[in-house]
Amino acid sequence: MISVEEARNNILSALSSVSTETISLHTASGRVLAEDIMARRTQPPSDMSAMDGYAVKISDLTKIPVTLTVIGEAPAGGSYDATLQSGQAVRIFTGGPVPNGADTIVIQENTSRDGDSVTIEEGTEKGRFIRKAGIDFKEGGKGLSAGKTLTPRDIGLLAAMNIPWVTVRRKPVIALLSTGDELVRPGEPVGPNQIISSNALLVSAMVEMAGGMPIDLGIAQDNEQSLRHMAEGAKSADLLVTLGGASVGDHDLVQTVLGKEGLNIDFWRIAMRPGKPLMFGDLNGTPMLGMPGNPVSSVVCSYIFLYPAIDALSGRSPRKTLVSPAILSHDIKENDQREDYQRAKIIGEKDGLPLVELFSNQDSSLLSALSAANCFLKRAPFAPALKKGSQVSIIPLDEGYPRC
Ligand code: AMP
Ligand code: MG
């Protein structure tokens, strides 16, 4: 068995980023930039007023109040083109270009207007309320770097830089293959001892959340022919994720069958719970992550390994699972040699930290507890027993997109 950290590193070092595509900025939120972006214009393009008021010379304001002659207007998008002389003011509006000769803005609230005259009633300082040309960004300057996941705020920045198209990484295609004679898809006829396949839909939703493009290859039966045939569907994918059949039972065929098809195993079995039989390898050029079939294992393995794998394929630095401090609401037992991810719920707050309670049944098949959980309690190998009120580490689940 290898450690969680070692497994994660092996996966990350085996993956490289997928190819690129150029898309409209309209659809770019959440996508990963494939190249550095340089501003295509300077912002603001010239010195501009940050307020409604009057553009004046500071040298005219040595004595307050002072009355100046209003010689024109500078609205946003317009301009006052002559040069301001001593004793003059230009009426200016937020976003209006500061006329030549003016070096400060007096806000409207500190003035009184009478026809062509304005009386300045409060002093100010040079440069006040002037946004200098280029203080936001300059043409040719770097705006964003390759590898950045575009947030809505980044979209605003790129729009302002006059970038209508961006080159991003394609969404990595993650092929999901469920395995098991007992499985039927939701809505299909179901026999007495069968169960509904939940994992593919569950992991598919997680893949989407992480910025990947899931494709469901369906359910392979626990026989060589079915598994071999259905795994062929992964040929064009960036990563094949098998769900189930990864363990040591007679019906756990993933390793043996795909081994004959050219699967090279990098590692199998990790010192963690759930998720111990996780395997990683390469199936004729397609990386493969083989997850155990229990739904909780799928979720934990997706958080710990699949999310960073999608990051690596997407060309961004792989997230570390977000771990934060919390307080135990009850005693817990010592842990064994495996890193443990226990389903837990934040039930309140203590000393400014979340107060957590473990679900009493930690069976890794329990979807109801998994759905009701809002965090995993993470326990290190050989962690000692702890009393109520002790500090522990949790992985919050509801953020959707945990990052370090
Ligand atoms: P396996 O890893 O194939 O030994 O499966 C472990 C447990 O997870 C078994 O009880 C399976 O029935 C269950 N299981 C496997 N695949 C799925 C799936 N796609 N959806 C829900 N449960 C599954
Ligand atoms: Mg199975």
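The values are calculated or read from the model by the stated rules, or taken from the named source; none is laboratory data. All of these numbers come straight from a predicted model, not from anything done at the bench. Quick reminder, even Gly has a Cβ in these numbers, built from the backbone with ideal geometry, and neighbours come from all protein chains shown. Surface areas here come from the heavy atoms of the whole protein model, side chains and all, with no ligands, DNA or RNA. Shrake-Rupley method; radii C 1.70, N 1.55, O 1.52, S 1.80 Å.
Assorted remarks:
- Taken over the range 233-248, residues that are in contact with a strand residue (DSSP E or B) (Cβ under 6 Å, 6 or more places away or on another chain) and either within 13 Å of ligand 1 (Cβ to nearest atom) or among the charged types (D, E, K, R) (or both) amount to 7.
- Number of the condition not met by G147 [criteria: (1) within 30 Å of E35 (Cβ to Cβ); (2) open to solvent by less than 30 Å² (accessible area, probe 1.4 Å); (3) not in a loop (DSSP other than H, G, I, E, B)]: (3)
- Within the range 81-111, tally of residues that are within 16 Å of P44 (Cβ to Cβ) and either without any contact (Cβ under 8 Å) to a residue 24 or more places away in the chain or open to solvent by less than 30 Å² (accessible area, probe 1.4 Å) (or both): 9
- If you filter the range 164-195 down to residues that are part of a loop (DSSP other than H, G, I, E, B) and open to solvent by less than 10 Å² (accessible area, probe 1.4 Å), you find that the one that is nearest to ligand 2 (Cβ to nearest atom) is G180.
- Matching residues, the range 266-290, being within 16 Å of ligand 2 (Cβ to nearest atom) and charged (D, E, K, R): K276
- Subset of the range 233-249 that is modelled with pLDDT under 95 and closer than 16 Å to P277 by Cα - its residue that is nearest to ligand 2 (Cβ to nearest atom): G245
- All conditions but one from (1) closer than 25 Å to G315 by Cα; (2) open to solvent by 10 Å² or more (accessible area, probe 1.4 Å); (3) in contact (Cβ under 8 Å) with a residue 60 or more places away in the chain; (4) not aromatic (F, W, Y) apply to G293; the one that does not is (1).
- Candidate set from the range 277-308 (those that are closer than 20 Å to L367 by Cα and β-branched (V, I, T)); member that is farthest from ligand 1 (Cβ to nearest atom): I304
- Annotation: of all residues in the range 198-213 being in contact (Cβ under 8 Å) with a residue 12 or more places away in the chain and surrounded by fewer than 22 Cβ atoms within 10 Å (Cβ to Cβ), the one that is farthest from ligand 2 (Cβ to nearest atom) is G211.
- Among the residues of the range 306-322, the one identified as of a type in the set (A, V, I, L, M, F, W, C) and at pLDDT below 95 is L322.
- Which listed residue, of G191, G187, G245, G249, is among the small types (G, A, S) and touching a His at 6+ places or on another chain (Cβ under 9 Å): G245
- So S49, is it open to solvent by less than 70 Å² (accessible area, probe 1.4 Å), farther than 30 Å from G211 by Cβ and of a type outside the set (A, V, I, L, M): yes
- The range 234-262 residues that are in contact (Cβ under 8 Å) with a residue 60 or more places away in the chain and in a helix (DSSP H, G or I), paired with ones that are aliphatic (A, V, I, L, M) and open to solvent by less than 10 Å² (accessible area, probe 1.4 Å) (beta carbon under 8 Å, 6 or more apart): V254/L227; V254/A246; V254/M279
- Identity of the residue in the range 218-232, in contact with a helix residue (DSSP H, G or I) (Cβ under 7 Å, 6 or more places away or on another chain) and within 16 Å of ligand 1 (Cβ to nearest atom), that ends up farthest from S178 (Cα to Cα): E224
- Filter result for M230 (away from ligand 2 (no atom under 16 Å from the Cβ), touching a strand residue (DSSP E or B) at 6+ places or on another chain (Cβ under 8 Å) and open to solvent by less than 60 Å² (accessible area, probe 1.4 Å)): no
- Filter pass, V203 being assigned to a loop (DSSP other than H, G, I, E, B) and either of a type in the set (V, I, T) or modelled with pLDDT under 95 (or both): no
- Residue check, I265 in contact with a Pro (Cβ under 8 Å, 6 or more places away or on another chain), in contact (Cβ under 8 Å) with a residue 12 or more places away in the chain and either open to solvent by 10 Å² or more (accessible area, probe 1.4 Å) or assigned by TED's automatic domain parsing to the domain that holds A210 (or both): no
- Of all the listed residues (V173, V184), the sole one being more than 16 Å from ligand 1 (Cβ to nearest atom), among the aliphatic types (A, V, I, L, M) and under 30 Å from P295 (Cβ atoms) is V173.
- Conditions (1) surrounded by 13 or more Cβ atoms within 10 Å (Cβ to Cβ); (2) touching a Cys at 6+ places or on another chain (Cβ under 9 Å): number failed by C375: (2)
- Any hit, the range 289-311, residues being hydrophobic (A, V, I, L, M, F, W, C) and assigned to a strand (DSSP E or B): yes
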